[in-house]
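Encoded as structure tokens, the structure appears first; notes follow it.
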Ligand code: NAP
């Protein structure tokens, strides 16, 4: 099956975003990839090209409105359509309790994790309306559980999930979902293990260390397959839902598409 749909993926230079790009590239999607670091982004772009897809990249901070404008313009100027936006880029920092937290870093996290997804959905809306497109927002358990020392991450992701629900009621012609990807073996987990001690409660630190030590972190390719499927096929009746990457409805269909 060839899927020449046009998909924007933020945070595509590593981890979950890069793995999602590779799944979609295998289906010949046309991709616009974004992250701040130009070199790792170019490496993922080359991987996707080798898999047979057409790929553009826009390096820059997704929290910057001008960068979001470039991302959407890259897709629509080249291909004249947009089928999905995968809002995956996020930062975990600042790690620290709110009474001591760096306020500028807190504000930056909100801009990247919450405001940027709104920018891209807003800017992409005219094309997403035409394509009956999808906005897939990457969520986390932290969107519903308050984890000590993570107030920026928790609050921004809670906001992102509620934004998803608002988008669903405000514009039912664009399908908006959020997906929880589990706990993944990525740079974000490395950072938690490195920067968490001294800020996060010891039992929470131990939880994350043990997941790594006992090989219970998911490889990014696993949740990425579910994320890629949602970007292409999320059913309209799921509009506004928070979907688990392990949801049986998703896993079955995603396997049929990507493992074929
Ligand atoms: P990651 O390995 O740290 O990757 C994050 C990606 O986002 C990188 O490509 C990074 O590249 C990019 N990025 C960060 N800030 C950016 C900015 N301002 N503008 C543009 N790109 C930016 O993280 P991950 O684990 O793959 O996380 C992906 C998503 O999954 C996130 O939404 C995260 O909240 C969610 N998630 C992760 C886990 C987990 O256990 N890892 C669990 C639940 C949810 P640059 O640094 O070069 O910009």
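Each value in this text was obtained by applying a stated rule to the coordinates, not by laboratory testing. Only a predicted model underlies this, so the values are computations on that prediction, with no experimental measurement involved. Cβ coordinates were reconstructed from backbone atoms using ideal geometry, including for glycine residues, and neighbour counts include every protein chain displayed.
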Query raised in the report: Taking Cα centroids, how far is segment 82-143 from segment 1-56 in Å?
Result: 19
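What is the fewest-to-most order of 115, 138 by other Cβ atoms lying within 10 Å of their Cβ?
Working: 115 19, 138 25.
With the fewest neighbours first, 115, 138 line up as 115, 138.
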**Report entry** Global geometry of segment 60-135, whether rounded, prolate or oblate, following the gyration tensor of its Cα atoms and the 1.5 cut on a/c
**Finding:** prolate
Report summary line: In whole Å, largest first, the alpha carbons of segment 99-227 cover along the principal axes 49, 35, 20
Report summary line: Largest fluctuation, 198, 141, 52 only, Gaussian network model of the chain with Cα springs under 10 angstrom, belongs to 198
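Can you give the relative contact order of segment 167-219 as a percent, counting alpha carbon pairs under 8 Å and 6+ residues apart? Before the final figure, lay out the partial values.
On the way: 23 pairs, mean separation 21.6, N = 53.
So the answer I get is 41 percent.
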**Report entry** Kirkwood-based Rg to Rh ratio, segment 104-177, C-alpha trace
**Finding:** 1.02
Query raised in the report: When only Cα pairs under 8 Å and 6 or more residues apart are kept, what is the percent relative contact order across the chain?
Result: 19
Report summary line: Expected sort for 173, 134 with the fewest Cβ neighbours (10 Å cutoff) up front is 173, 134
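Hey, fewest Cβ within 10 Å first, where do 9, 184 land in order? Intermediate values should be presented prior to the final figure.
Working: 9 32, 184 22.
Ordered from fewest to most neighbouring Cβ atoms within 10 Å, 9, 184 come out as 184, 9.
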Report task. Before anything else, pin down the relative contact order of segment 1-102: Cα pairs under 8 Å, at least 6 apart, normalised by residue count, whole percent. Result -> 31
